[in-house]
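Data block below; observations after.
The values are calculated or read from the model by the stated rules, or taken from the named source; none is laboratory data. If you're wondering where the values come from, they're calculated on a predicted model, not measured in any experiment. FYI the Cβ positions are ideal-geometry reconstructions off the backbone, even for glycines, and counts take in every protein chain you see.
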Amino acid sequence: MEKVVILGSGPAGLTAALYTARAFLSPLVIEGPQAGGQLTTTTDVDNFPGFPKGVTGPELIEFMREQVLRFGTRFETRVVEKVSVDKGVIKITCDGGNPIDTRTLIVASGASARYLGLPSEKALMGQGVSACATCDGFFFKDKEIVVVGGGDTAIEEALFLTRFGSKVTIIHRRDTLRASKIMQERARTNKKISFLWNKEVVEVRDVAAGRVTGVRLRDTVDGSMSEYPCQGFFLGIGHTPNSSFLEGVVERDPNGYIKTFGGSRTSVPGLFAAGDVQDPVYRQAITAAGSGCMAAMDAERYLESLSEPE
Ligand code: NDP
């Protein structure tokens, strides 16, 4: 029986691992298909304290990983399919191997990029459609690229894509951006970036050609239709929490975020949540790390309470 299992190896999971490892709880970290989480697909991180010159997302994760390995954290790469709870034992069923029994589980499984849900978008995935500029930007050298969204993700993607594309157009469904002022300023002063306001994408073209050649747009103010050429189509419209494997097990809000009560405790004793999977508001690397620390301390106290005499 494990004492602490942590799902996820982003800043929340790795911080939870650091604290529980240093408390001699020998945590097991299960990392899924995207080890390291969303930070591994970001570029420069300028807002994580302690790095006066900034640090890249992958570097930051590598440093955290090195740190937790020093204290004996174990890692396994598996995809969790189901979690069940019976008489204080949490059972984790994965895609392969034996189920894992544990006294506490810290869910830090993060969130994944959202798509618009258009059939054409799905059909052209990997043929010009992407939600990861750092992964795929390189393939769009001297090409015309559009980015959908008006938040920090969209702006960050657009700025990064200017390294490759000849022109980057941000398509937003309103006429004001949600992104932070500093990011807005960077985008507005970048000569390669332009904006299309009040437009929603209704189709990515051209499925018949098997590659992206443009988008069909509907004006959200007057309903008029138009087309806009591009060879790259990037999504920057936010994220969905990775919590579907907990359906019916733990309380979640209507968008799938795990509900926490006073720190990292959830509706299930022994099950704690940290990072983006429980945070629809802040979603920063530093807040994820902070909540990972809280989850570790809550799990430690919970384990202590189990061994206290009645
Ligand atoms: P946000 O929720 O902030 O923004 C999502 C954007 O996508 C909004 O502009 C929204 O439009 C638009 N959108 C959502 N759904 C659709 C849709 N179906 N069709 C068209 N447009 C859509 O998500 P982000 O991922 O940008 O940011 C999340 C958090 O992460 C924020 O706190 C942000 O500050 C942070 N972040 C910070 C970064 C940094 O500091 N470097 C980098 C990236 C993220 P509308 O505005 O109309 O709702």
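Just a few scattered comments:
- Residue check for V168: modelled with pLDDT of 95 or more and either more than 26 Å from L7 (Cβ to Cβ) or not assigned by TED's automatic domain parsing to the domain that holds A208 (or both): yes
- Selection within the range 18-56: residues that are in contact (Cβ under 8 Å) with a residue 60 or more places away in the chain and assigned to a helix (DSSP H, G or I). The member of this set that is surrounded by the fewest Cβ atoms within 10 Å (Cβ to Cβ) is T41.
- Number of the condition not met by A289 [criteria: (1) over 30 Å from E144 (Cβ atoms); (2) touching a Leu at 6+ places or on another chain (Cβ under 7 Å)]: (2)
- Inclusion of I61 among residues that are under 20 Å from the mean Cα position of the chain (by Cα), surrounded by 15 or more Cβ atoms within 10 Å (Cβ to Cβ), among the hydrophobic types (A, V, I, L, M, F, W, C) and assigned to a helix (DSSP H, G or I) is warranted.
- Scanning the range 114-126 for residues that are within 12 Å of the ligand (Cβ to nearest atom) and without any contact (Cβ under 8 Å) to a residue 12 or more places away in the chain turns up just one, G117.
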